[in-house]
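Read through the structure below, which is laid out as structure tokens, and then see the notes.
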Amino acid sequence: MDDALQEKAISLWQQGSLVAFPTETVYGLGADARNSEAVARIYEVKSRPRFNPLIVHVASIEAAERYVEWTDTAQRLSHFWPGPLTLVLKKCEGISDLVSAGGDTIGIRIPNHPVALKLLAAFDGPICAPSANRSGRISPTTAAHVESELGDRIPLIIDGGPCQVGLESSVVDATGDVPILLRPGIITREQLGASGAGGAHAILQSPGQLESHYAPETALRLNAKDVHAGEGLLAFGPTTLTSAESINLSLTGDLLEAATHLFSALRALDTKGLTSIAVTPIPNEGIGEAINDRLTRAAHR
Ligand code: TXA
Ligand code: MG
């Protein structure tokens, strides 16, 4: 990103416009989180339900402490920052109520991407950014994905190459003494020492989790033991199954590698005109929890 491009992005944000930018997880669709009109535009452009709150991005812990009530749990977990972890905390003054979807908490994180950090430091304010896809669709992990989702609706997409993590951040309620996992990610429940998640608690606490999400046009058949005629194959680890259209998320059965390739693989298979996609079983431990979470939502119709 050269200086001219950076200045253009900052000036669009200052005017209340939207700019898509890279993070280590997925591309975000950013707006000034203090400007309600700008935040409203995010919901409009994404066709996102207004009850699904947005994540605020900042460049430093000092900046985060300006917008949320910091807790001991937040202090402990902030050693994962910059990184793919969002902390849900009680919000202070200054952030638009639209960001929290009317609630009294916001999700906040410091992304671990040089372009995002440079933009956030230069803007010197809170940028709320959901994933830069239309609501309900697969999160974008390249600038080209953003272009195909939202290219005709936003003035600027900053290309920072493919996202290194490729899966959205882990979301954790850090308001209490014990962190509660609301959305699994590559920082695992074990690493966070978190309880909860996956069940009714998560659904109540993270309203966006109610919907079908990350959905390709093509139907998914999970835990497949075979491949039907006309089906594509999304495999994990060594397998004897075959298909004319086949992608292996990790030949060696590495869950981190699989998480990183998941969304781009779904997008690639989705363009092949398949009747459906057979997905081989993925162990539900560690990072597998996040992969299975996204696959279950993608399969939901
Ligand atoms: O990696 C990421 O988190 C990416 C990048 C761009 O930072 N962002 C992202 O945002 O995935 P989005 O809007 O697609 O997903 C945000 C998730 C939703 O499930 C939402 O319900 C939850 O975080 N969330 C946001 N604020 C919350 C809050 N105050 N309480 C509970 N859940 C919240
Ligand atoms: Mg999203």
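Here is how the numbers come out for the structure above:
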item	result
Per-region count, the range 267-297, residues within 19 Å of residue 237 (Cα to Cα), outside any helix (DSSP H, G or I) and either among the charged types (D, E, K, R) or touching a residue at least 60 places away in the same chain (Cβ under 8 Å) (or both)	4
Test: residue in the range 229-238 that is crowded, with 19+ Cβ neighbours inside 10 Å and charged (D, E, K, R)	yes
Residue 117 being touching a residue at least 24 places away in the same chain (Cβ under 8 Å) and open to solvent by less than 20 Å² (accessible area, probe 1.4 Å)	no
Test for residue 241: is it touching a strand residue (DSSP E or B) at 6+ places or on another chain (Cβ under 8 Å) and surrounded by fewer than 19 Cβ atoms within 10 Å (Cβ to Cβ)	yes
Residues located in the range 271-290, provided they are out of contact with any strand residue (DSSP E or B) (no Cβ under 8 Å at 6 or more places or on another chain) and surrounded by 18 or more Cβ atoms within 10 Å (Cβ to Cβ)	282, 287, 288, 289
Tally, over the range 226-244, of residues that are more than 10 Å from residue 276 (Cβ to Cβ) and in a strand (DSSP E or B)	3
Qualifying residues in the range 30-56 (those that are touching a helix residue (DSSP H, G or I) at 6+ places or on another chain (Cβ under 6 Å) and open to solvent by less than 40 Å² (accessible area, probe 1.4 Å)) - the one farthest from ligand 1 (Cβ to nearest atom)	32
Of the criteria (1) part of a helix (DSSP H, G or I); (2) of a type in the set (S, T, N, Q); (3) over 15 Å from the mean Cα position of the chain (by Cα), which one residue 264 fails	(3)
Extreme residue, most open to solvent (accessible area, probe 1.4 Å), among residues of the range 155-193 that are assigned to a loop (DSSP other than H, G, I, E, B) and more than 14 Å from ligand 1 (Cβ to nearest atom)	177
Hey, residue 99 out of contact with any Asp or Glu (no Cβ under 9 Å at 6 or more places or on another chain), touching a residue at least 60 places away in the same chain (Cβ under 8 Å), more than 21 Å from residue 176 (Cβ to Cβ) and away from ligand 2 (no atom under 16 Å from the Cβ) or not	no
Flag if residue 86 is among the β-branched types (Val, Ile, Thr) and in contact with a Gly (Cβ under 7 Å, 6 or more places away or on another chain)	yes
Residue in the range 130-142 that is more than 16 Å from ligand 2 (Cβ to nearest atom) and touching a residue at least 40 places away in the same chain (Cβ under 8 Å) present	no
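Residues are listed down the side, and each one gets a yes or a no for (1) at pLDDT below 95; (2) on the phi < 0 side of the Ramachandran plot; (3) touching a Lys or Arg at 6+ places or on another chain (Cβ under 8 Å):
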{"position": "197", "(1), (2), (3)": "yes, no, yes"}
{"position": "238", "(1), (2), (3)": "no, yes, no"}
{"position": "254", "(1), (2), (3)": "no, yes, no"}
{"position": "260", "(1), (2), (3)": "no, yes, no"}
{"position": "272", "(1), (2), (3)": "no, yes, no"}
{"position": "279", "(1), (2), (3)": "no, yes, yes"}
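The values are calculated or read from the model by the stated rules, or taken from the named source; none is laboratory data. Just so it is clear, the structure is predicted and the values come from calculations on it, not from any experiment. A quick note on method: Cβ atoms are made from the backbone with ideal geometry, for glycine too, and the neighbour counts reach across all protein chains shown. Calculation scope for accessible area: heavy atoms of the full protein, side chains included, ligands and nucleic acids excluded. Shrake-Rupley method; radii C 1.70, N 1.55, O 1.52, S 1.80 Å.
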